[in-house]
Amino acid sequence: MLDSDEIMHQDIIPLYAADIQDQLKKQFAYLSGGRGGDGCPVITFPDYPAFSEIPEKEFQNVLTYLTSIPSLRDAGIGFILVIDRRQDKWTSVKASILRIAASFPGNLQLVLVLRPTGFYHRALSDIAFRFNRDEFKMKVPIIMLGSVSELQGYIDKTQLTEDLGGTLDYCHNRWLSRRTAIEGFAQKVKQTAQILQSFGTELAETELPNDVQSTSSLLATHTEKKNKMKEDIRLAVEQGDDILGSITKPVTENPEYKLNQDQLDNQTTVERLLAQLHETESAFDEFWIKHQLKLEQCLRLRNFEQNFREVKAALDTASERLSAFTDVGNSFSHVEHILKDLANFEEKSCEIIAKARMLASEGDDFIQSNHYAVDSIIPKCSELHHLCDAFTTETEQRRNLLNKSLELHGLLEKSMKWCDEGIYLLASQPVDKCQSQDGAESALQEIEKFLDTGAGNKIKELNKIYREYAPILNEDLKEHVQKVYQKQESMEEMFQKRQISLKKLAAKQTRPVQPVAPRPEAFVKSPGTSPCLQREYISNSDSSALRRGNYRRGKSEMTEQHQSRGGSTMDDEENLAVLRQHVINELIETERAYVEELLCVLEGYAAEMDNPLMAHLISPELQNKKDILFGNMEEIYHFHNRIFLRELENYIEYPELVGRCFLDQMEDFQIYEKYCQNKPRSESLWRQFSDSVFFQECQRKLDHKLSLDSYLLKPVQRITKYQLLLKEMLKYSKNCEGAEDLQEALTSILGILKAVNDSMHQIAITGYDGNLNELGKLLMQGSFNVWIDHKKGHSKVKDLARFKPMQRHLFLHEKAVLFCKKREENGEGYEKAPSYSYKHSLNMAAVGITENVKGDAKKFEIWYNAREEVYIIQAPTPEVKATWVNEIRKVLTSQLQACREAIQHRTLEQTQSLPLPASSCASPSRNHIRNTKKMDEKKSDLTSLEGYGTTAAPKYPEKGKGWAKTSHSLDASEENDGWSSAEDPLNSSDAEEEGGGGGGGGEMKLTPGKYTVVTDYEKGVSEEFTVKSGDLVQLIREGEDGHWYVKNLSSGREGWIPANNLLMLIGNSKSAQSLSSSESGTASSTLSTSSSCSDSCNASSTSFSDIKG
């Protein structure tokens, strides 16, 4: 706690020597720097003739200023006043003492008065002071001294100025000049710090430009301002050094000189101010380095972006020019010319590619140096790499195609040249020389020699050419290949014919003959077709071999592709692992930051509200409001710090399994619901006291740029962040071991967010008299259009209600549905959140629903007390309607199941304790007798209906029947209680709309058809006949004793089952006949539990609605 003296010093408005310089120059009081024996500062009041004429304001200013100079510690000890009145009269002495006593603002230790030296006035002062001591009103001793030597008995001679007989060096003008300089320097330091802070704020809030010129200009402007700031700081430091030098100058000149306490205090003050100035300068330099780095990074980024646009445009132009190289040439020389053009183009493009790769490398350097705009740089670098690689790949592909075309044209030209040489050879062989055996053999050798040269010159297989050069074969080139191949075939056929004739000539016996040229017909009539057949056979063989080769090559390619895909899969898995690690790292790092922020708020704000030293800053209205302002933030902090963060860190090596961590701690996340429910009250309280000095002081100590309300929002932001991180992790863990846990954790977190959101709406309900907690868990909430139809209302009111919907916000609880009117509130933040004015509610025990309303897929009905009141609900979308209908169906089904189990339990108890009825004519009595005879079997038959709520309910009931009632077997005592189906009206919208057909009795009517079993049944009339939950059974016929003959379609077995047991087995299962009939009708499926259902569990009279099978 601050003592009274410190509080006094804080409350006094600070005065500066420059403000009262003229008043100080009068020197009616001064602070010489001397000290008493215990360190008390000495204030001297010298002999001043016009002391009584000094204005009171000036007098108070001087005393206030002089008492504010010493340190709080010294001032707290008290001051010693030396009042020199040796040349004055007693009356003036008395007046001076009284005035000083009335106006002195500090603590007093001792008052020493040098009384008048005249004999008369000295004697008078002794007598008057002795008798008028009480008039001075001082609580400290006033000592009257007669001489300077007596004064030196109280204050050491070295602490007194020369006019009081001491040796203390004191010059009032020098003291005043020094005080003015020190205080001016202090103000200079303060102004410099404020200017630097303002400049730093300006720099921090400056938006970065989007172009190079603006960024360069901004950097130059900020640098210029920074240099000016540095110059101002340098001048301030020089000023401080000069002042410090003037203070220590006597010591510098004379090492034996001792500074008095005030001089030492001045030296300490100036040194502290210089240190503060250096610290401020260092902080500014550190901030400027970061800001300058950011601006330089921004400038480099803008240059990078500008170069990127230019390089990308150049690459796009080059790619367009490259795409023009589509011609594969029509001759060997033409292709060579195209290849030459491509090489020239590639050479020119190398500069663009090199520039693009250099720019991409520069971007990679930005990424490696943690540039602030990494997210913007990475896509550009990736695009540059992609464009360069794509351009290089495309150029390579074009070159390969042209080389392929060059190869093909070279082959074609070689084939054509070979054909021309062959034709020339055939033409050059003289016919007369070939008639001799030697001539024929020589010609035959020439032909065979020439044909041997065809291995490297001719086209061996046309289909192979088509396959090998398919990428470049256009229609013109393909036609050219065919012509060359045809020419080659024709030439080879000519050679074959020539060979045949020459072989015949060479085989003849030598005899003189008349040289006659062979007739052309001889070649035609000879078995010349065999070469064709042989060629076709070879072609087929080659084709077969080719197919085998293709198969082997295809199999090899498939293997290579499989290995490639395997490698790609491994690469994908590695990429996913990296992404998962990135997500878990982000999750843990943000979790640590979140825990630190919570601790900072709890220690820097919440704990300070209990700090006695800060109590004077807290307004009375804010005291004892810590729990409202911070809610259960401390509980949230302990959960995350002690449990959740440590658990998360265990999964850093196994990020895909982190879903289990969330599931294990899911119950603890419920604490956020309490925090969010308190948030409106906290927000309202903060708005009232956001300008409080307490909060500003806490923020200053924490050095937070954001105020407390931003940190109070952290828990709300954090609980919503988890589902985003879980979605990311799940996206990268689809095929991992923990995928199911991740999905379950995501669903659970979303469920918590929904519960928090619903609870925020629930606490805004006004006007409800009861306790909302008694209505059970809040399941759903939302806004709807509502029409109300009252059966007993006036016809005009009913018509009006049908055509004018009301806007209502519905809250579905386990035991009731509330209708509220939404009211928007004016205000800010949470005060602007809507409130809900309660209108009425419906007990779910007396509610029924109609799932579909004709004419609108978004409407459904909630009706009450057998359609006495019908509420037509229109949802915003069909999906919202389906969600609500399913949730209401679950509530009604669970109530029905609970009632049915209670009835079965009570029936079992009563059948064990009550006697059998005498009459057996009624079916319920017969069933009861049979159950009594087989009580042991009944215990197993009356099984629990677990899983009933999850059994798929039929979408539409049988037309005209709706959801009929079912009465259970009751003994005589129950019948005597007066129960009947008439007492419990039929809750069926369809029965009423169709004229009440089909609903007639209170007992559920079983009809032949197919049903799904909802619970196990192990004993019947036939011990071998059993059914299990989920089996499909067919009801074939009803026996005379109340049994039904049933066939289990799942197992194929047949047997008899009592009707009562059968009702339990099929539950709300719909028969196939009912399903088919509902499809053709317009009736809607309905579900209800009667108004007496909630009472049936505690009363002997029992009734409830069942589901028509």
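Observations on the structure shown:
- The C-beta contact set for segment 55-77 (first residue open to solvent by 10 Å² or more (accessible area, probe 1.4 Å), second residue polar (S, T, N, Q), distance under 7 angstrom, 6+ apart or interchain) comprises GLU58/GLN23; GLN60/SER103; ASN61/GLN23; GLY76/ASN107; ILE77/GLN109.
- Considering residues of segment 300-340 that are out of contact with any Gly (no Cβ under 6 Å at 6 or more places or on another chain), part of a helix (DSSP H, G or I) and β-branched (Val, Ile, Thr) only, the residue nearest to THR395 (Cα to Cα): THR317
- Residue within segment 293-301 that is surrounded by 18 or more Cβ atoms within 10 Å (Cβ to Cβ), more than 20 Å from VAL212 (Cα to Cα) and either at pLDDT 85 or above or not acidic (Asp, Glu) (or both) present: no
- For first residues located in segment 174-185 and among the β-branched types (Val, Ile, Thr) and at pLDDT 85 or above, partners that are part of a helix (DSSP H, G or I) and open to solvent by 40 Å² or more (accessible area, probe 1.4 Å) and lie 6+ apart or on another chain with Cβ distances below 9 Å form the pairs THR180/GLN21; ILE182/THR269.
- Residue list for segment 249-280, restricted to those being touching a strand residue (DSSP E or B) at 6+ places or on another chain (Cβ under 7 Å) and open to solvent by 40 Å² or more (accessible area, probe 1.4 Å): GLN261
- Here PHE308 fits the description: closer than 30 Å to ASP211 by Cα and in contact with a helix residue (DSSP H, G or I) (Cβ under 9 Å, 6 or more places away or on another chain).
- Subset of segment 338-355 [free of Cβ contacts under 8 Å to residues at least 40 places away in the same chain and either open to solvent by 100 Å² or more (accessible area, probe 1.4 Å) or among the β-branched types (Val, Ile, Thr) (or both)]: LYS340, GLU347, LYS348, GLU351, ILE353
- Helices (runs of 4 or more DSSP H) wholly inside segment 29-107 that include at least 1 residues being under 29 Å from THR117 (Cβ atoms) and of a type in the set (Phe, Trp, Tyr): 56-68, 90-103
- Matching option when the condition is in contact with a Pro (Cβ under 9 Å, 6 or more places away or on another chain) and either assigned to a helix (DSSP H, G or I) or of a type in the set (A, V, I, L, M) (or both), among ASP232, ASP241, ASP265: ASP265
- Whichever residue in segment 617-639 is in contact (Cβ under 8 Å) with a residue 60 or more places away in the chain and in a helix (DSSP H, G or I) and, among such residues, is nearest to PHE694 (Cα to Cα): LEU617
- Restricting segment 215-235 to residues that are over 15 Å from LYS290 (Cβ atoms) and in contact (Cβ under 8 Å) with a residue 60 or more places away in the chain leaves a set whose member that is least open to solvent (accessible area, probe 1.4 Å) is THR215.
- Residue match in segment 686-694 (condition: of a type outside the set (Ser, Thr, Tyr), open to solvent by 40 Å² or more (accessible area, probe 1.4 Å) and closer than 30 Å to ILE765 by Cα): yes
- Restricting the first member to segment 384-408 and to residues that are under 15 Å from ASP316 (Cα atoms), and the second to residues that are open to solvent by 60 Å² or more (accessible area, probe 1.4 Å) and part of a helix (DSSP H, G or I), the beta-carbon pairs closer than 7 Å and six or more apart or on different chains are CYS388/ARG357.
- Looking across segment 841-883, the residues that are assigned to a loop (DSSP other than H, G, I, E, B) and touching a Pro at 6+ places or on another chain (Cβ under 9 Å) come down to ALA857, LYS858, ASN865, ALA866, ARG867, GLU868.
- Applying the criterion of being modelled with pLDDT under 90 and acidic (Asp, Glu) to the residues of segment 817-875, the residue that is surrounded by the most Cβ atoms within 10 Å (Cβ to Cβ) is GLU851.
The values are calculated or read from the model by the stated rules, or taken from the named source; none is laboratory data. These numbers were taken from a predicted model, which means no experiment stands behind them. Using ideal geometry, Cβ is built from the backbone for each residue, glycine included, and neighbour counts are taken over all protein chains shown. What goes into the accessible areas is simple: the full protein's heavy atoms, side chains included, and nothing from ligands, DNA or RNA. Shrake-Rupley method; radii C 1.70, N 1.55, O 1.52, S 1.80 Å.
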